[in-house]
Ligand SMILES: CC(C)(COP(=O)(O)OP(=O)(O)OC[C@H]1O[C@@H](n2cnc3c(N)ncnc32)[C@H](O)[C@@H]1OP(=O)(O)O)[C@@H](O)C(=O)NCCC(=O)NCCS
C-alpha cells in the first residue's frame with residue numbers, strides 16, 4: 001500500500017451522488033450480485049468509512065444507529081453494514097484498515113457495536129467478540145427468535161458496555177430485508 005492510501009469517515013449526506021454510486025458499485029462487485037436494495041438501504045443514514053488508494057475506492061463500511069436491547073437494557077448501537085473490499089485487492093489489509101476506523105466511530109459515537117457475519121476471524125482481529133446468547137427480532141407480532149442469526153452476531157464492547165454479558169438475549173427492531 002503506497003503513500004496514496006487514506007481512510008475517511010463521512011455521513012451519508014456528505015457523500016456526493018457520484019461517490020454513493022461508486023460505493024454501491026463496489027458492494028455489488030464484492031458481494032458478487034448478492035447485495036440488494038434492502039442491503040443498500042441498511043447501509044445509508046449513518047457514517048461511511050471509505051478507503052481510497054490514489055483516489056480509487058478500494059474498501060467501505062457503514063455504521064448506522066440502531067436501538068438494540070440486551071436482556072432488559074436498551075443500547076444505542078453502531079450497527080455495521082456493507083463491509084467490502086474490491087475483489088482485485090482483497091487480502092491486502094484494506095478491510096482491516098476500514099475496521100480500525102469503524103471501531104473509532106463506534107467508540108466515539110455509540111455505546112456498543114453490533115454486526116452479523118460469517119467472517120468471524122476477520123472481525124476478531126479488530127476486537128469484536130461473538131455473541132453467545134440468543135437473538136431475537138421485535139416486530140408487529142411481538143418478539144420472536146431469530147435462531148439462524150445466533151451464530152453470526154458479533155459485538156464490540158466499548159466503555160459503557162465493557163462489562164456486557166455476551167450470553168444474554170439480544171433483540172433488534174424489525175426492518176425490510178434481513179433484520180440482522
Ligand atoms: C471480508 C472482506 C471485507 C475482507 O477485506 P480484505 O481487505 O480482504 O481484508 P484484509 O486484507 O484486512 O483481511 C482479510 C483476509 O485476508 C487474509 N489475508 C491477509 N493477507 C493476505 C494475503 N496476502 N493474501 C491472501 N489473503 C490474505 C487474512 O488472513 C484475512 O482472512 P480472514 O479475515 O478470513 O481471517 C472482503 O473479503 C470482502 O469484501 N468480501 C466480500 C464481501 C463480504 O463478505 N463482506 C463481509 C460481510 S460481513
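Where a number appears in this text, it was derived from the coordinates with a stated rule and is not lab data. In this text the structure is predicted, and so the values were computed from the model without any measurement. Neighbour counts are summed over all protein chains in view; Cβ atoms, including those assigned to glycine, are modelled from backbone coordinates with ideal geometry.
May I ask you to list the residues of the stretch 70-108 whose amide nitrogen lies under 15 Å from a point 7 Å from Cα along the Cα→beta-carbon direction of residue 138?
Zone members listed by number: 70-77.
So what's the angle, to the nearest 10 degrees on a 0 to 90 scale, between helix 94-109 and the longest Cα principal axis of the chain?
It is inclined by approximately 50 degrees.
Explain nothing, just the number: relative contact order of the chain, from Cα pairs under 8 Å at least 6 residues apart, as a whole percent.
Relative contact order here is 20 percent.
Starting from the 7 Å offset along Cα-to-Cβ, what nm value, one decimal, do you get for the label separation of residue 169 and residue 72?
1.2 nm
Using per-residue counts of other Cβ atoms within 10 Å, averaged over each peptide, order 88-94, 107-113 from highest down.
107-113, 88-94
Rounded to whole Å and sorted largest first, what semi-axes of the equivalent ellipsoid does the C-alpha gyration tensor of the chain yield via the square root of 5 times each eigenvalue?
27, 18, 15
For helix 17-30, report the angle its Cα long axis makes with the longest principal axis of the Cα atoms of the chain; keep it between 0 and 90° and round to the nearest 10°.
The answer is roughly 70 degrees.
Pop a pseudo-label 7 angstrom from the Cα along the beta-carbon direction at both residue 109 and residue 37 and give the gap in nm to one decimal.
In this crude label model, residue 109 to residue 37 measures out at 2.6 nm.
What FRET efficiency would be calculated for the residue pair residue 65, residue 18, taking the C-beta separation as r and a Förster radius of 35 Å, to the nearest 0.05?
Given R0 = 35 Å and the Cβ-Cβ separation, E is 0.85.
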